[in-house]
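Reading through the structure tokens given below for one structure.
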Amino acid sequence: MNIEQHIANVVFHAVDSLYGGVHMSQIQIQKTRKEFDGDYTLVTFPLLRISRKSPEATAQEIGERIVADNADIEGFNVIKGFLNIVLGSAFWFERFGEIVADAHYGQAAPTGRNIMIEYSSPNTNKPLHLGHVRNNLLGYSVAQILKANGHNVIKANLVNDRGIHICKSMVAWLLYGNGATPESTGKKGDHLVGDYYVEFDKHYKAEIAALVADGASEEEAKKRAPIMLRAQEMLRKWEAKDPEVYALWEKMNGWVYKGFDVTYKALGVDFDKVYYESQTYLLGKSLVQEGLDKGIFFRKEDGSVWIDLTADGLDQKLLLRGDGTSVYMTQDLGTALSRFDENKLDSMIYVVGNEQNYHFQVLKLVLKKLGYEWSDSIYHLSYGMVELPNGKMKSREGTVVDADELIEGMVDTARAMSEELGKLEGCTEQEAAAISRMVGLGALKYFILKVDPKKTMLFNPEESIDFNGNTGPFIQYTHARICSVLRKAEEQGIEFADCTSADECLREETEIIKSLCDYPNVVAAAGENFAPSLIANYTYELCKLFNGYYHDYSILREECCATKRMRLQLARQVARVIASSMSLLGIEVPQRM
RNA sequence: GGUUCCGUAGCUCAGUUGGAUAGAGCAACAGCCUUCUAAGCUGUGGGUCGCGCGUUCGAACCGCGCCGGAAUCACCA
């Protein structure tokens, strides 16, 4: 039912009957560029060897043939080696009728494929920052896109709740916290715990400096600093399940989870499964044995287990320490295996920053060598850092952009801007707050999701994120204006539910319909490439198209009743697609703004 | 040094997998609100697609080599 595919078939048959011996791969159909007349374009160059004619003559011949054989095709024109095919407006309005009748337009049929996507995966020693925001938005959006492609999606969060970094916060809290709690301080739990992580670092640095002043080397001082020794001792106690340490660990993690929940909710992301490393970190040891038995891994004199990947252009990689304890890779191998088994997964996607590219390269390779073919269906959705104008975010230098502050800042800016523009007149406080939140978050999410995940992106906190031009609010605004028109139509009692055609139509209208027809293709492409940016760009184009139309032609003041109804239908369908596509980015669209 | 990735307008980014004269937004300038919301619309200026060679009818896109930048190469996670 793909139109481009349909055209390709039509052309294929024409070319085959004219010249014979064609392969489908030689039929190159693309959308006609807007500076030319037509809907789809055939590139004739690949066909010249078969036609044995000039590009122009070939195009002419094929054009004549397809027009003669197909009622859908109204005409054609030839420019250089390009055959521009013109479909009649009747054709497009027929498609429009189909779209309107489809209540779930953009939702693909179920595929039965199970896909797990892991994202967020925070450490529990500090609050979420801008980098996490990019991760969360990407993960959630890709999950939405995969669902729209008909897959069963399991959103997973693997919380890194154990390790030396958590112990650092715990030690500092014991030493300097005076029993402070989120309740006693009025602080969000994750921020409170994060404060003690910073506190630890401060004292650690001071102790190192003192030891160095006493004549110790830097290296030595780092090892001997008392506060670090305490943290390490605490980690040992934790692993021995010391009741006191465990209770403190559970208490402080509990604070953090409460804080994270608030941030997740504000961002509008959620999870189907939450895994905790404290429960999974021992997985994978049996795999190590399996690898040893198969002779894929080897053991060094000290008992540690390794794999040699030098033949694959990588290094030797540690899989198990000499004392038998596991490392990151060990548990990731084990976790992957148990997830594939338990959930009957067809694919597993990890949304993890590009600093772990190497890790995932190794992970896939090791699983492959162990004979797990599903290793190929693991995809590392790698994304670049978010940088500030003066470089990377560094928590120690206090240059991190905190997620909660960022979100509230965006909402406040949206509120101020809305008020300045007088957009909130007549709104209740509740409505005003809801709109500001939608718009502020829409700006933030769109800003992040419209760029290619691979690229490191720049965020300038000084200049707040734009609300004009290629932005989330621009798209939300287009939606709100359409809603406004539809409300007025309803007030006037205009019925247009069954109306999908008119006697006459404008070029702009078929252009909009063409764009609407493209939506499922864009959803499919976004799913194949795990690329929310495709959705963002598509929606922006659709909005620009509609805004131009809206500006030049009135819907409600149109005199011809049939045309008016068709325009209302068209506007409503644009709004539906906007709402649908924005939901794939996790962006809500307001009825007014 | 090895591996992976990035380099497109002053700035932030697109570029539909090799097609036609490389596009948006921001910033600058000039216009458009007694007419469905001006967070909008229209126009002007702005480019050696990092550089070079190659592949072919055709390259921002593919290959090779440079230049510049990022990440990583832990018995951390």
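Of the residues making up the stretch A:476-502, those that are β-branched (Val, Ile, Thr) and either assigned by TED's automatic domain parsing to the domain that holds A:Leu267 or near RNA strand B (Cβ under 9 Å from one of its atoms) (or both) are A:Thr478, A:Ile482, A:Val485.
Evaluated against (1) assigned to a strand (DSSP E or B); (2) touching a residue at least 60 places away in the same chain (Cβ under 8 Å); (3) closer than 18 Å to A:Ala336 by Cβ, A:His380 falls short on exactly one condition, (2).
Of all residues in the stretch A:40-92, those satisfying the criterion of being within 14 Å of A:Phe12 (Cα to Cα), buried (at least 16 other Cβ atoms within 10 Å of the Cβ) and charged (D, E, K, R) are A:Glu61, A:Arg65. Among residues of the stretch A:118-134 that are acidic (Asp, Glu), those with a beta-carbon under 9 Å from a residue that is not in a strand (DSSP E or B) at least six positions away or on a different chain give the pairs A:Glu118/A:Gly139; A:Glu118/A:Arg339. Those helices (runs of 4 or more DSSP H) of the stretch A:140-250 in which 1 or more residues are within 15 Å of RNA strand B (Cβ to nearest atom) and out of contact with any Leu (no Cβ under 8 Å at 6 or more places or on another chain) occupy A:164-176, A:189-213, A:218-224, A:226-239. Within the stretch A:379-398, can one find any residue that is within 18 Å of A:Gly334 (Cβ to Cβ), of a type in the set (A, V, I, L, M, F, W, C) and touching a helix residue (DSSP H, G or I) at 6+ places or on another chain (Cβ under 7 Å)? Looking for residues that are within 18 Å of A:Gly334 (Cβ to Cβ), of a type in the set (A, V, I, L, M, F, W, C) and touching a helix residue (DSSP H, G or I) at 6+ places or on another chain (Cβ under 7 Å), one finds none in the stretch A:379-398, hence no. Between A:Gln30, A:Gln26, which is within 14 Å of RNA strand B (Cβ to nearest atom) and surrounded by fewer than 13 Cβ atoms within 10 Å (Cβ to Cβ)? None of the others qualify; the one that does is A:Gln30.
Listed by first and then second residue, the pairs with beta-carbon distance under 7 Å, at least 6 apart or on different chains, first residue in the stretch A:512-533 and closer than 15 Å to A:Leu585 by Cα, second of a type in the set (Lys, Arg) and within 12 Å of RNA strand B (Cβ to nearest atom), are A:Ser533/A:Lys450. What about A:Gln316, is it near RNA strand B (Cβ under 9 Å from one of its atoms), more than 24 Å from A:Val159 (Cβ to Cβ) and among the polar types (S, T, N, Q)? Criteria met by A:Gln316. A Cβ distance below 7 Å, combined with a sequence gap of six or more or placement on separate chains, defines the contacts here; from the stretch A:31-50, residues that are in contact (Cβ under 8 Å) with a residue 24 or more places away in the chain reach residues that are part of a loop (DSSP other than H, G, I, E, B) and hydroxyl-bearing (Ser, Thr, Tyr) in the pairs A:Gly38/A:Thr32; A:Asp39/A:Thr32; A:Tyr40/A:Thr32; A:Thr41/A:Thr32; A:Ile50/A:Tyr19.
Take the conditions (1) within 8 Å of RNA strand B (Cβ to nearest atom); (2) in contact with a Lys or Arg (Cβ under 9 Å, 6 or more places away or on another chain); A:Glu528 misses just one of them, which is (2).
Kindly indicate whether any position in the stretch A:224-247 is under 33 Å from the mean Cα position of the chain (by Cα) and surrounded by 15 or more Cβ atoms within 10 Å (Cβ to Cβ). Looking for residues that are under 33 Å from the mean Cα position of the chain (by Cα) and surrounded by 15 or more Cβ atoms within 10 Å (Cβ to Cβ), one finds none in the stretch A:224-247, hence no. A residue that is surrounded by fewer than 18 Cβ atoms within 10 Å (Cβ to Cβ), modelled with pLDDT under 95 and not hydroxyl-bearing (Ser, Thr, Tyr) can be found somewhere in the stretch A:334-341.
Looking only at the stretch A:396-441, which residues are assigned to a loop (DSSP other than H, G, I, E, B) and either under 23 Å from A:His129 (Cα atoms) or among the charged types (D, E, K, R) (or both)?
Filtering the stretch A:396-441 down to residues assigned to a loop (DSSP other than H, G, I, E, B) leaves A:396-401, A:421-428.
Once the filter is applied, which keeps residues that are assigned to a loop (DSSP other than H, G, I, E, B) and either under 23 Å from A:His129 (Cα atoms) or among the charged types (D, E, K, R) (or both), the stretch A:396-441 yields A:Arg396, A:Glu397, A:Gly398, A:Thr399, A:Val400, A:Val401, A:Lys423, A:Glu425.
Here A:Val451 meets each of (1) under 25 Å from A:Tyr350 (Cα atoms); (2) more than 6 Å from RNA strand B (Cβ to nearest atom); (3) assigned to a loop (DSSP other than H, G, I, E, B) with one exception, condition (2). Would you confirm, using the coordinates I've provided, whether A:Ala562 is in the same structural domain as A:Thr510 (by TED's automatic domain parsing), at pLDDT 95 or above and either small (Gly, Ala, Ser) or in a helix (DSSP H, G or I) (or both)? No.
A quick yes/no check of all residues on (1) modelled with pLDDT of 95 or more; (2) closer than 30 Å to A:Tyr383 by Cα; (3) within 11 Å of RNA strand B (Cβ to nearest atom):
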{"residue": "A:Pro473", "(1), (2), (3)": "yes, yes, yes"}
{"residue": "A:Glu508", "(1), (2), (3)": "no, no, yes"}
{"residue": "A:Ile512", "(1), (2), (3)": "yes, no, no"}
{"residue": "A:Lys544", "(1), (2), (3)": "yes, yes, yes"}
{"residue": "A:Gln569", "(1), (2), (3)": "yes, no, no"}
{"residue": "A:Met582", "(1), (2), (3)": "yes, yes, no"}
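Just so you know, in the stretch A:406-438 the residues that are near RNA strand B (Cβ under 9 Å from one of its atoms), without any contact (Cβ under 8 Å) to a residue 40 or more places away in the chain and under 24 Å from A:Ile578 (Cβ atoms) include one that is surrounded by the most Cβ atoms within 10 Å (Cβ to Cβ), and it is A:Ser436. Can you say whether A:Val171 is under 28 Å from A:Glu207 (Cα atoms) and crowded, with 21+ Cβ neighbours inside 10 Å, as far as the supplied structure shows? It is true that A:Val171 is under 28 Å from A:Glu207 (Cα atoms) and crowded, with 21+ Cβ neighbours inside 10 Å.
If a residue must be surrounded by fewer than 24 Cβ atoms within 10 Å (Cβ to Cβ), hydroxyl-bearing (Ser, Thr, Tyr) and either at pLDDT 95 or above or touching a His at 6+ places or on another chain (Cβ under 7 Å) (or both), how many such residues does the stretch A:439-470 contain? Here the count works out to 0.
To keep it simple, each residue is scored yes or no on (1) within 12 Å of RNA strand B (Cβ to nearest atom); (2) under 25 Å from A:Gly313 (Cα atoms); (3) of a type outside the set (S, T, N, Q).
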| position | (1), (2), (3) |
| --- | --- |
| A:Leu337 | no, yes, yes |
| A:Glu342 | no, no, yes |
| A:Glu355 | yes, yes, yes |
| A:Tyr358 | yes, yes, yes |
| A:Trp374 | no, yes, yes |
| A:Ser377 | no, yes, no |
| A:Leu381 | no, yes, yes |
| A:Glu387 | yes, no, yes |
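Collect the residues in the stretch A:297-326 that are part of a loop (DSSP other than H, G, I, E, B), surrounded by fewer than 16 Cβ atoms within 10 Å (Cβ to Cβ) and of a type outside the set (Ser, Thr, Tyr), keeping them in residue-number order. If the condition is that a residue be part of a loop (DSSP other than H, G, I, E, B), surrounded by fewer than 16 Cβ atoms within 10 Å (Cβ to Cβ) and of a type outside the set (Ser, Thr, Tyr), then A:Lys300, A:Glu301, A:Asp302, A:Gly303, A:Gly313, A:Leu314, A:Asp315, A:Arg321, A:Gly322, A:Asp323, A:Gly324 are the ones that fit.
So for the stretch A:196-207 (the condition being among the aromatic types (Phe, Trp, Tyr) and surrounded by fewer than 16 Cβ atoms within 10 Å (Cβ to Cβ)), does at least one residue qualify? For the stretch A:196-207, residues among the aromatic types (Phe, Trp, Tyr) and surrounded by fewer than 16 Cβ atoms within 10 Å (Cβ to Cβ): absent. Taken over the stretch A:526-560, the criterion of being surrounded by fewer than 16 Cβ atoms within 10 Å (Cβ to Cβ) and under 22 Å from A:Gly150 (Cβ atoms) is satisfied by A:Glu528, A:Asn529.
The values are calculated or read from the model by the stated rules, or taken from the named source; none is laboratory data. Since we're looking at a predicted model, the values are computed, not measured. When we count neighbours, we look across all protein chains shown, and the Cβ atoms used for this are built from the backbone with ideal geometry, even at glycine.
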